[in-house]
Every structure is written in structure tokens, then in C-alpha cells.
Amino acid sequence: GRSEEGQGIGYYATLICFGAGALYVVLQLAKNNTNNEGKDDVRGKTTDDNKEDYGGESINSAQEQQPQYFRTPLVPYLPCLGAFVNWYLIAQLELSGLFMLLLYLGITTLFYFSYGVKHSKQRKRQEQLRRRRHKNTSSTVAEYESIG
């Protein structure tokens, strides 16, 4: 069984993650509401004023000219839910499990960066430049020795 102290840490970690996720969702909703209120069109009238002027139809040339982009549904709510579930599960780990997780993440991160350094395009370009310089330097030395 787990100790009372371990259960308390998991409880507080879960509570903090849930609170942070809820705060993020509330801030996103507030941001979206303030961005959509009172938008003016090109003539300086709000879209509600335009509906009255044009028989209930809103003519907003600025919005018609903007291209429509695909928006992923349920973003950012579904990713927030996923992050909350992951933090909840991590908070339930015992100390040995948490240590193994950190060890695994450290080893995979080390492998990722070492592979990237070895196979990067920048490194291959630098090696080609070194070969060219070495080739040019050795040919210059050979020419100098043949003259003397």
C-alpha cells in the first residue's frame, strides 16, 4: 500500500493540474469573447449596424476577403483534457515508478539529441567545408614544396 504522504502529494498534484487546466480554459474563453465583441467593418460600423442598414444581411467586405482556414475541432479543450489525465496518472505513481519514468525520459532524450547531432545537415556541411579547406591547404603546400 501507499503511504499517506504519497497519497497527499498525488492529490495536490492532481488538484494543481486541474486548476491550471481550468484557468487556461477560462482565459481562452474570455479571450475569444473579447476578440469577437464589437468588430468593425471597413466603414466603421459594427456588424449589428450593418444588418439594420442592409435589410438584415450583413455586408462585411473585410471578412469576405479573408480566406477561411481549417480549425481543428475541440482545441484547446481536448489537449487540456489529455494533459490533465496524463498528470493525474503520473501523480498516482509511486516514487520508484516516478524514478523509472525520469530515467527513461532522460535516456530517450539523450539518444534523441545524440542521433540529431550525428545526422544533422549542418554537421555534414561543416565536414564538407573542412575537407575542401584541407584539400586546398594540402595542394598549396605541395605546390610550394615542388617550387623549392
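Observations, loosely collected:
- Hey, Tyr144 among the aromatic types (Phe, Trp, Tyr) and at pLDDT 90 or above or not: no
- Some residue of segment 96-110 being touching a residue at least 40 places away in the same chain (Cβ under 8 Å) and closer than 30 Å to Phe18 by Cα: no
- Evaluating Arg71 against the criteria (1) modelled with pLDDT of 75 or more; (2) open to solvent by less than 100 Å² (accessible area, probe 1.4 Å) leaves one unmet condition, (2).
- So Ser114, is it modelled with pLDDT under 90, open to solvent by less than 80 Å² (accessible area, probe 1.4 Å), hydroxyl-bearing (Ser, Thr, Tyr) and within 34 Å of the chain's Cα centre (by Cα): no
The values are calculated or read from the model by the stated rules, or taken from the named source; none is laboratory data. Given the structure is predicted, the values throughout are model-derived calculations rather than measurements. For neighbour counting, all protein chains shown are included, and Cβ atoms are generated from backbone atoms with ideal geometry for every residue, glycine included. Just the protein is used for accessible areas: all its heavy atoms, side chains included, with ligands, DNA and RNA removed. Shrake-Rupley method; radii C 1.70, N 1.55, O 1.52, S 1.80 Å.
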